[in-house]
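See below for the structure under consideration.
The values are calculated or read from the model by the stated rules, or taken from the named source; none is laboratory data. Just so you know, these numbers come straight off a predicted model, no measurement behind them. Every residue, glycine among them, receives a Cβ derived from its backbone with ideal geometry; neighbour counts consider all protein chains shown. Heads up: the accessible areas ignore ligands, DNA and RNA and are worked out on the full protein's heavy atoms, side chains in. Shrake-Rupley method; radii C 1.70, N 1.55, O 1.52, S 1.80 Å.
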Amino acid sequence: MDLMEAIKTRRSIRRYKALQVPENLLREVLNAARLAPSADNSQPWKIVVVRDEQLKAKLGTACNGQKFIAQAPILLVACGIPEEAFQTVGGYMSSHVIDASIALDHLTLAAHAFGLGTCWIAAFKEDKVRALLGIPEDVRVVALTPLGYPDESPERTPRKNLEDLTVFDKYQ
Ligand SMILES: Cc1cc2nc3c(=O)[nH]c(=O)nc-3n(C[C@H](O)[C@H](O)[C@H](O)COP(=O)(O)O)c2cc1C
């Protein structure tokens, strides 16, 4: 699958087959995240790979009761590390959320290209996720995604027109 096709056909997947993800595919999608760009090449992120059934179920609860995420054989938790990040993006912000998000976006597109499903999850209680996974205080939870074989083929969701999302020369 070429890149534009992957971008155009990826969907958020909320139903998963009870099928394991082969280890080599898991490594491929994690490697896609590894190759992502980051501010000053700081790579200030870490992904926690969760396969333990009980932990996945508890994480579903910590994600505002989104139980479907535990249906997938793997849950990935993308963490940002402020201490390792570029501190002054635009003169005012740390890059850890941007960098972790780009890595996760690389991962979701690569997963789709390999026939795997994902779903960005940002509705979560950080303190609960942190406690379940032993994530230190100075590391931030940015987003999660289940990873597994899709058991649904969702329709494309609508997008704004390019004209509504793009301006030329001056912001208007
Ligand atoms: C930052 C972010 C947070 C999201 N959080 C959730 C979530 O907590 N639960 C969920 O089911 N989907 C979540 N989504 C998925 C969006 O609902 C989905 O991407 C959007 O509706 C477009 O659909 P598509 O991904 O199939 O193109 C999230 C997506 C993003 C980018």
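Run down D127, D151 and say which single residue is open to solvent by 60 Å² or more (accessible area, probe 1.4 Å) and touching a Phe, Trp or Tyr at 6+ places or on another chain (Cβ under 8 Å).
Of the residues listed, the single one that is open to solvent by 60 Å² or more (accessible area, probe 1.4 Å) and touching a Phe, Trp or Tyr at 6+ places or on another chain (Cβ under 8 Å) is D151.
For Y171, are the conditions met, namely being aromatic (F, W, Y), free of Cβ contacts under 8 Å to residues at least 24 places away in the same chain and more than 13 Å from the ligand (Cβ to nearest atom)?
Values: aromatic (F, W, Y): yes; free of Cβ contacts under 8 Å to residues at least 24 places away in the same chain: yes; more than 13 Å from the ligand (Cβ to nearest atom): yes.
Yes, satisfied.
Just checking, how many residues over the stretch 15-42 are out of contact with any His (no Cβ under 8 Å at 6 or more places or on another chain) and either crowded, with 18+ Cβ neighbours inside 10 Å or outside any loop (DSSP other than H, G, I, E, B) (or both)? Give the derivation first.
As a first pass, look at the stretch 15-42 and keep what is out of contact with any His (no Cβ under 8 Å at 6 or more places or on another chain): 15-31, 34, 37-42.
Remaining after also requiring either crowded, with 18+ Cβ neighbours inside 10 Å or outside any loop (DSSP other than H, G, I, E, B) (or both): 16, 21, 23-31, 34, 38-41.
Final tally of qualifying residues: 16.
Can you pull out every residue in the stretch 1-30 that is free of Cβ contacts under 8 Å to residues at least 60 places away in the same chain and in contact with a helix residue (DSSP H, G or I) (Cβ under 9 Å, 6 or more places away or on another chain)? I'd like the intermediate steps shown before the answer.
Narrowing the stretch 1-30 to residues free of Cβ contacts under 8 Å to residues at least 60 places away in the same chain: 2, 4-5, 8, 18, 20, 22-24, 27.
Listed by number, the residues that qualify are D2, E5, A18.
When you look at D127, is it assigned to a helix (DSSP H, G or I), away from the ligand (no atom under 14 Å from the Cβ) and not aliphatic (A, V, I, L, M), yes or no?
yes
So P146 clears everything in (1) away from the ligand (no atom under 11 Å from the Cβ); (2) within 21 Å of V29 (Cα to Cα); (3) not in a loop (DSSP other than H, G, I, E, B) except one condition, right? Which one?
Only one criterion is unmet by P146, namely (1).
For the stretch 8-30, give me each residue that is under 15 Å from the mean Cα position of the chain (by Cα), within 16 Å of the ligand (Cβ to nearest atom) and closer than 10 Å to L116 by Cβ.
I13
Determine, yes or no, whether L132 is more than 23 Å from K58 (Cα to Cα) and either out of contact with any Gly (no Cβ under 7 Å at 6 or more places or on another chain) or at pLDDT below 95 (or both).
So L132 does not fit the description; no.
Please give the number of the condition V141 fails out of (1) part of a helix (DSSP H, G or I); (2) within 14 Å of the ligand (Cβ to nearest atom).
Of everything listed in (1) part of a helix (DSSP H, G or I); (2) within 14 Å of the ligand (Cβ to nearest atom), V141 misses just condition (1).
Which of the residues belonging to the stretch 96-124 are within 12 Å of the ligand (Cβ to nearest atom), within 22 Å of E53 (Cβ to Cβ) and open to solvent by less than 10 Å² (accessible area, probe 1.4 Å)?
Hits for the stretch 96-124 are G117, T118, C119, I121.
Pull out all pairs, ordered by first then second residue, where Cβ-Cβ is under 6 Å, the residues are six or more apart or on different chains, the first lies in the stretch 50-70 and is open to solvent by 10 Å² or more (accessible area, probe 1.4 Å), and the second is part of a loop (DSSP other than H, G, I, E, B).
Close Cβ pairs satisfying both conditions: N64/A123; F68/R14.
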